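A short write-up of the structure that comes next.
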Amino acid sequence: MFTALINRSKTPTRWQKIPWDDPDFSRRMLAEHLTQAHDLASRRLSIIDQHVRWIHHAILHEQPAKLLDLGCGPGFYSRRLSALGHMCTGIDFSPASIAYAREQDPVSAYVHGSVLDVEYGSGYDLVLLIYGELNAFSPEDAEDIVQKAFAALKPGGKLLLEVHPAGLVERVGQEAPSWYTAEQGLFSDQPYLCLTEAVYDGSRAISNHYVFAAESGAMQQYTSMLQRYTDDDYRALLDAFATVTFFPSLDGGSAAGDLFVIVAEKAAG
Ligand SMILES: C[S@@+](CC[C@H](N)C(=O)[O-])C[C@H]1O[C@@H](n2cnc3c(N)ncnc32)[C@H](O)[C@@H]1O
């Protein structure tokens with residue numbers, strides 16, 4: 001029964017993500033986005049309200065703007081920014097999140113697809129990629145996203161990244177193994193046991209979740225990864241931009257520790 005676990009591979013050869021785009025997984029993930037009990041998938045709405053206020057005042061200077069929200073999830077940010085008069089497009093490959101976003105927010109445009117494949121369009125004042133999602137892409141894919149965002153911005157437009165500091169990625173990769181059981185949850189609609197084990201390989205945190213179905217004992221492995229970047233690595237990634245400014249948080253307040261904000265501005269032309 002535990003052979004698969006004993007033979008587990010802790011360091012995948014290819015970059016791995018959790019299956020946000022799988023229909024059943026995305027349905028269960030949507031519940032995690034919507035809950036106001038924790039901030040695991042999206043921040044609680046009271047926090048998102050503060051972020052949106054800061055983006056509207058400090059980044060967009062209260063001027064109507066054309067915005068692209070990459071990995072928009074259920075559209076919490078786009079919906080609020082549209083309500084403030086901005087013209088928003090969100091892209092996400094989670095079918096449940098995009099269906100929810102479209103249902104709740106008929107004003108913004110929502111595109112179902114991968115940010116690696118979908119055409120972004122052009123003429124944006126602001127492109128967002130928040131909640132540490134840049135770190136969840138391989139460095140090559142992160143470069144592609146930044147290049148596509150750069151091309152989609154108008155002269156003087158801004159790319160806003162909310163990213164993890166290097167130390168956080170190291171800590172995640174060095175977390176002690178842990179486990180929990182659930183009657184139902186993110187990994188299954190049926191009872192399961194989840195064992196989690198992390199590895200830090202010098203540049204990436206790799207979190208492996210081994211999920212055992214309570215009935216059959218069958219194991220399924222889910223792996224998520226975070227790429228470590230130093231501040232200089234982030235600056236190098238953004239070297240096509242005219243200016244790169246670091247902010248401690250997405251609400252204008254002091255550093256929250258796990259995330260910080262980089263705003264890269266394209267030359268005015
Ligand atoms: C941590 S959640 C954040 C959602 C939203 N930005 C928020 O803060 O509420 C990351 C989102 O990125 C999306 N995502 C991850 N990889 C993606 C890809 N390749 N293309 C499109 N969306 C992706 C996931 O489906 C998920 O909705």
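Data table
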quantity	calculated
Flag if Gln190 is part of a loop (DSSP other than H, G, I, E, B) and outside the structural domain of Val52 (by TED's automatic domain parsing)	yes
Single residue of Arg43, Arg27 found to be in the same structural domain as Gly73 (by TED's automatic domain parsing), within 22 Å of Gln190 (Cα to Cα) and surrounded by 13 or more Cβ atoms within 10 Å (Cβ to Cβ)	Arg27
Leading residue by the ranking (surrounded by the most Cβ atoms within 10 Å (Cβ to Cβ)) among those in region 111-128 that are in contact (Cβ under 8 Å) with a residue 60 or more places away in the chain and within 13 Å of the ligand (Cβ to nearest atom)	Leu128
Flag for Ile130 being among the β-branched types (Val, Ile, Thr) and either at pLDDT below 95 or more than 27 Å from Phe246 (Cβ to Cβ) (or both)	no
Subset tally (residues that are of a type in the set (A, V, I, L, M, F, W, C), more than 15 Å from Lys158 (Cβ to Cβ) and outside any helix (DSSP H, G or I)) for region 41-73	2
Positions within region 7-40 being part of a loop (DSSP other than H, G, I, E, B) and acidic (Asp, Glu), in sequence order	Asp21, Asp22, Asp39
Selection count, region 71-110, where residues are within 10 Å of the ligand (Cβ to nearest atom), in contact with a Lys or Arg (Cβ under 9 Å, 6 or more places away or on another chain) and aromatic (Phe, Trp, Tyr)	1
Residue match in region 39-56 (condition: more than 24 Å from Asp258 (Cβ to Cβ) and near the ligand (Cβ under 10 Å from one of its atoms))	no
Members of region 213-264 found to be under 20 Å from Gly202 (Cα atoms) and among the polar types (S, T, N, Q), listed by number	Thr223, Ser224, Gln227, Thr230
Qualifying residue in region 37-50 (condition: without any contact (Cβ under 8 Å) to a residue 60 or more places away in the chain and in contact with a Leu (Cβ under 7 Å, 6 or more places away or on another chain))	no
Residue list for region 112-142, filter: under 16 Å from the mean Cα position of the chain (by Cα) and among the β-branched types (Val, Ile, Thr)	Val115, Val127, Ile130
Any chance Ala99 is assigned by TED's automatic domain parsing to the domain that holds Glu32, surrounded by fewer than 15 Cβ atoms within 10 Å (Cβ to Cβ) and among the hydrophobic types (A, V, I, L, M, F, W, C)	no
Positions within region 211-246 being crowded, with 18+ Cβ neighbours inside 10 Å and basic (Lys, Arg), in sequence order	Arg228
Boolean, Arg79 is within 18 Å of Leu129 (Cα to Cα), charged (D, E, K, R) and exposed (fewer than 14 other Cβ atoms within 10 Å of the Cβ)	no
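The values are calculated or read from the model by the stated rules, or taken from the named source; none is laboratory data. Remember, predicted model here, so these are calculated numbers, not experimental data. As a convention, Cβ positions derive from the backbone with ideal geometry for all residues, glycine included, and neighbour counts pool all protein chains shown.
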